[in-house]
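The values are calculated or read from the model by the stated rules, or taken from the named source; none is laboratory data. None of these values were measured; they are calculated from a predicted model. In this analysis, Cβ positions are derived from the backbone assuming ideal geometry, glycine residues included, and neighbour counts consider all displayed protein chains. Side chains are part of the model used for accessible areas, which takes the heavy atoms of the whole protein and leaves out ligands, DNA and RNA. Shrake-Rupley method; radii C 1.70, N 1.55, O 1.52, S 1.80 Å.
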Amino acid sequence: MAHLLHVALLLSAPAPLPSSPAARAALAEGDAHYERRAEGAKGAVPDPERIDAAMAAYRRALTLDPHSLEARAGLLRAIFFRGGFCQITPAYQMKIFEDGKRLAEETVQSLEKSRGSPRGPARIQALRGVPAATRVYFWAAVSWGQWAADHKLAAAWQGAAVRMRDLAQTVVDLDPSMDQGSGYLLLGRLHAECPRIPMITRWVSRTQAIAYLREALAIGPKNTPNMYFLADAILDNDPVHADEARRLLEKCASVEPRPDYLVEDAHYAAMARARLASLR
């Protein structure tokens, strides 16, 4: 918490000179540890040593260069993996997801302000001039989602669903192919899982959920989350196509894990097997 407050104070200062060699080295170290996050994993359960080292390096990079969008996106990504895939106590998970949401919102607001806070097409055009913008908005949307899962009442009052929708839509507007269609994946999951509350989330559409998830799968046909969540949404909302959902789950359950996503693919393969078992 103290570290994030320190970063927030530094953000209000004038922009510094280009990142120092020490900050760049810390960022590279974080990326290197993240790439090795599957080392020591037992199937879908990773050893947290590498991801903890990645988080520490990204935090060090932020201390050295508080304006680094790359370090911010890297830390948000690492928090997602640490809290979503590793063994973790509920208290620590809640803490890092709270930290992630706070950092995400602070980063997005700072980035928007730095572009002059334009609206409409001018906003997207301005953000396209920032190389890390797409990743920042993607991981910000993920961070809001992780936080909202543990703070359902507060999330409703703070408009978490609308915030996640707008952040994910920005990802799609900037780069629909980002991370194998993950912007569409976020929009699809939001429409599939968010409760429809009068005057708050009346825009939620289960039909639109499946459309977005199909877009994601078309862009990333080998991406296991795309397979799993489309199948899940079909089974829950479009049972006429249950056979298609079963085929997707069977494919997800038996897929050869991709070298860059060993833990993630093992995780979704296990989820697919469990979902198939529930259908028998």
- prompt: Once phi is turned into θ = phi - 60°, what whole-Hz ³J(HN,Hα) does the Karplus curve with 6.51, -1.76 and 1.60 give for every residue of segment 119-127, x standing for Gly and Pro?
  reply: 10, x, x, 5, 5, 5, 4, 5, 5
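Please report, in debye to the nearest 20, how large the charge dipole of the chain is about its Cα centre when each Lys and Arg carries +1 at its beta carbon and each Asp and Glu carries -1 there.
480
Please give the length that would be gained between residue 52 and residue 236 if that part of the chain were fully extended, namely 0.36 nm times their separation in residues minus their C-alpha to C-alpha distance (nm, one decimal). Write out the running numbers ahead of the final one.
Values: separation 184, 0.36 × 184 = 66.24 nm, distance 3.63 nm.
62.6 nm is the gain from fully extending residue 52 to residue 236.
Rank-order 95-101, 242-248 by packing density, defined as the average count of other C-beta atoms within 10 Å over each peptide's residues, highest first. Spell out each step's value before the answer.
Details: 95-101: 20.9, 242-248: 16.0.
Those peptides, ordered most packed to least, come out 95-101, 242-248.
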task: Rank these by accessible area, largest first, 1.4 Å probe: 24, 115.
output: 24, 115
message: Keeping every protein chain present and rolling a 1.4 Å probe, give me the accessible area per residue for segment 122-280 in Å².
response: 48
message: Ranking request for peptides 181-187, 196-202: highest mean number of other beta-carbon atoms within 10 Å first, then the rest in descending order.
response: 181-187, 196-202
message: Applying a 10 Å radius around every beta-carbon, put 218-224, 54-60 in order of their mean neighbour count, most first.
response: 54-60, 218-224
query: Label points 7 Å out from Cα along the Cβ direction at residue 247 and residue 45: separation in nm?
result: 3.5
field: Estimated FRET transfer efficiency when R0 is 35 angstrom, pair residue 35-residue 177 (beta carbons, to 0.05)
entry: 0.95
- line: Rounded to one decimal in nm, the spacing of the 7 Å Cα→Cβ label points at residue 25 and residue 280 is 5.5
task: Calculate the spin-label point distance for residue 270 paired with residue 196, positioning each point 7 Å from the Cα along the beta-carbon direction, and give it in nanometres.
output: 3.5
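Quantify, in whole percent, the carbon and sulfur part of the accessible surface of segment 85-203 (1.4 Å probe; protein heavy atoms only).
Working: 3380 of 5830 Å².
Of all accessible area on segment 85-203, carbon and sulfur atoms account for 58 percent.
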task: Please give every one of the aspartates and glutamates within straight-line cross-link reach of residue 95, meaning a C-alpha to C-alpha distance under 19 Å, and leave out same-chain neighbours fewer than 8 residues apart.
output: 49, 52, 105, 106, 150
- request: Can you tell me how much longer the chain between residue 166 and residue 258 gets when fully stretched, taken as 0.36 nm per residue apart minus their C-alpha distance, in nm with one decimal?
  value: 30.1 nm
field: Answer label for semi-axes √(5λ) of the Cα gyration tensor in Å (calculated), chosen among (i) 31, 23, 17; (ii) 44, 16, 16; (iii) 37, 24, 16
entry: (i)
